[in-house]
Amino acid sequence: MERAAFVLTVRPGLEQAYQDEHTRAWPELIEEARHCGVRNQSVYLHGRTIFVYMEAANVEECLRKLAVAPVNARWDRFMEAFIEPETVRLLEIFHMD
């Protein structure tokens, strides 16, 4: 299983709204993520900093499939109002099972 982590930033003043939207994450988006190979995903929020962790058998393939999935594109457009445009992928330097 491969792992990936990303850091994003919530636009100022939208922290609670961003959090609220994730309590209503679209079931069809979750289903599509599973179909694309996401086995586990978590989103954490600290202030305006978002940390996303995901696991998939092949992270790059999974991300490619998600990039062209219509429901993911709709979610990304919806989230543009909440999230600053830059996404940073983190380098994994340690893992313990």
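Residue-level check: of (1) surrounded by 13 or more Cβ atoms within 10 Å (Cβ to Cβ); (2) assigned to a helix (DSSP H, G or I); (3) not basic (Lys, Arg), Glu31 misses just (1).
Residues in the range 58-76 that are open to solvent by 60 Å² or more (accessible area, probe 1.4 Å) and either acidic (Asp, Glu) or over 18 Å from Phe6 (Cβ atoms) (or both): 6 in all.
Exactly one residue among Ala81, Ala17 is part of a loop (DSSP other than H, G, I, E, B), more than 12 Å from the chain's Cα centre (by Cα) and at pLDDT 95 or above, and that residue is Ala81. Would you please list the contacts, defined by Cβ atoms under 6 Å and residues six or more apart or on different chains, that run from a residue in the range 56-82 that is more than 19 Å from Leu8 (Cα to Cα) to a residue that is part of a helix (DSSP H, G or I) and of a type in the set (D, E, K, R)? Close Cβ pairs (under 6 Å, with a partner that is part of a helix (DSSP H, G or I) and of a type in the set (D, E, K, R)) amount to Ala69/Glu32; Val71/Glu28; Val71/Glu32. Just so you know, in the range 48-57 the residues that are of a type outside the set (Ser, Thr, Tyr) and closer than 23 Å to Thr23 by Cα include one that is most open to solvent (accessible area, probe 1.4 Å), and it is Arg48. Just to be sure, is Leu8 surrounded by 14 or more Cβ atoms within 10 Å (Cβ to Cβ), in a helix (DSSP H, G or I) and at pLDDT 95 or above? Considered against the rule, which asks whether it is surrounded by 14 or more Cβ atoms within 10 Å (Cβ to Cβ), in a helix (DSSP H, G or I) and at pLDDT 95 or above, Leu8 comes out as no.
What do you reckon, is Glu86 over 11 Å from the mean Cα position of the chain (by Cα) and open to solvent by 60 Å² or more (accessible area, probe 1.4 Å)? Against the criterion (over 11 Å from the mean Cα position of the chain (by Cα) and open to solvent by 60 Å² or more (accessible area, probe 1.4 Å)), Glu86 qualifies.
Taking the range 35-47 only, how many residues are open to solvent by less than 90 Å² (accessible area, probe 1.4 Å) and either over 20 Å from Val68 (Cα atoms) or under 13 Å from the mean Cα position of the chain (by Cα) (or both)? Final tally of qualifying residues: 6.
The values are calculated or read from the model by the stated rules, or taken from the named source; none is laboratory data. Keep in mind the model is a prediction, meaning the values are calculated, not measured. No Cβ is skipped: glycine too gets one built from the backbone with ideal geometry, and neighbour counts run over all protein chains shown. All accessible areas refer to the heavy atoms of the entire protein, side chains included, with ligands and DNA or RNA removed. Shrake-Rupley method; radii C 1.70, N 1.55, O 1.52, S 1.80 Å.
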